[in-house]
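One structure below.
Just so you know, all these numbers are worked out from the coordinates, no wet-lab data involved. Predicted model, so just to flag it, every value in this text is computed and none were measured. Every residue, glycine as well, gets a Cβ built from its backbone with ideal geometry; the counts of neighbours run over all protein chains shown.
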């Protein structure tokens with residue numbers, strides 16, 4: 001009897017060990033929480049997010065190495081339907097493709113480097129292009145308060161400049177990271193106030209300034225224009241297409257804010273074609289939150305980098321973004337053209 005009891009005990013022990021082993025296998029194969037910071041080959045998802053009903057991807061900038069090489073850096077922005085950025089996406093939330101203009105042999109880009117811009121040591125250089133035309137005379141305090149919000153919440157090493165326009169245009173504060181200087185220039189009385197709206201010429205100045213500034217720096221800056229107007233351009237020698245062409249050639253995104261009688265069709269076209277965003281506000285009291293939202297978008301840019309090996313003279317970059325949340329899986333497709341080995 002004693003021998004039989006010992007045999008039963010060993011059998012029971014073996015069964016227990018097998019049971020534990022099987023349990024550990026199933027535990028190891030259980031689905032990982034999408035918020036787990038451990039590196040994963042799965043796209044970021046959040047099934048607890050019930051507020052997202054759409055995602056919007058854009059390409060603010062395509063940048064080539066400053067030396068003679070084929071290194072490409074792609075700047076990516078993704079927001080929900082309200083413009084709020086997603087800060088936790090990873091490279092598996094994106095499929096990046098490239099194709100030569102005029103051809104159909106689209107290729108998926110592999111071997112990507114991927115990181116958030118705020119982890120790369122890069123900063124932002126932003127001209128604020130502000131409407132001081134006659135129709136804005138009753139709203140200048142609101143405009144300055146909203147622009148001041150953007151200035152005060154920028155990162156300490158980000159640069160900004162101030163351009164005020166009406167019939168005339170003036171850079172009242174060149175690029176600086178000094179918050180006090182920017183606020184002083186913003187709130188100072190400007191003798192050019194009143195008159196018509198030279199919006200497009202003012203935007204062209206901002207694009208050119210940002211391009212020159214970023215090209216002169218030893219470190220890398222993301223140049224991005226933020227323009228505000230309450231009316232229709234009526235005093236520029238430049239056209240909206242000139243603004244678009246200049247911004248695309250220099251790979252500088254244009255963010256536009258409209259109020260009152262702003263031409264939303266033209267402003268949204270400028271923003272969408274250059275990799276920026278357009279927002280209209282019917283109430284100046286909400287303008288401050290729009291400046292803050294754009295600031296949040298710029299602070300949550302993703303960088304994808306790879307070696308470009310084709311000999312095309314003009315290339316279309318296509319980005320397909322995806323995100324799974326409580327409402328399902330959403331997709332967004334965006335594209336932008338760049339010219340290799342020129343800029």
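Of note:
- Summed over segment 187-206, the residues that are touching a residue at least 60 places away in the same chain (Cβ under 8 Å) and buried (at least 20 other Cβ atoms within 10 Å of the Cβ) give a count of 6.
A quick yes/no check of all residues on (1) under 30 Å from residue 196 (Cα atoms); (2) without any contact (Cβ under 8 Å) to a residue 12 or more places away in the chain; (3) under 13 Å from the mean Cα position of the chain (by Cα):
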| residue | (1), (2), (3) |
| --- | --- |
| 79 | no, no, yes |
| 90 | no, no, no |
| 100 | no, no, no |
| 113 | no, no, no |
| 116 | no, no, yes |
| 119 | no, yes, no |
| 128 | yes, no, no |
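- Residue that is surrounded by the fewest Cβ atoms within 10 Å (Cβ to Cβ) [pool: residues in segment 252-274 that are under 16 Å from residue 59 (Cα atoms) and out of contact with any helix residue (DSSP H, G or I) (no Cβ under 8 Å at 6 or more places or on another chain)]: 272
- Residues that are surrounded by fewer than 16 Cβ atoms within 10 Å (Cβ to Cβ), out of contact with any helix residue (DSSP H, G or I) (no Cβ under 7 Å at 6 or more places or on another chain) and more than 20 Å from residue 210 (Cβ to Cβ), drawn from segment 133-166: 134, 137, 138, 141
- Residue within segment 218-230 that is more than 29 Å from residue 64 (Cα to Cα) and either surrounded by fewer than 22 Cβ atoms within 10 Å (Cβ to Cβ) or over 23 Å from the mean Cα position of the chain (by Cα) (or both) present: yes
- Where residue 184 falls short, out of the listed (1) exposed (fewer than 15 other Cβ atoms within 10 Å of the Cβ); (2) within 24 Å of the chain's Cα centre (by Cα); (3) in a helix (DSSP H, G or I): (2)
- As a summary of the residue check, residue 331 satisfies the conditions (1) under 22 Å from residue 256 (Cβ atoms); (2) surrounded by fewer than 20 Cβ atoms within 10 Å (Cβ to Cβ); (3) touching a residue at least 40 places away in the same chain (Cβ under 8 Å) except for the one numbered (1).
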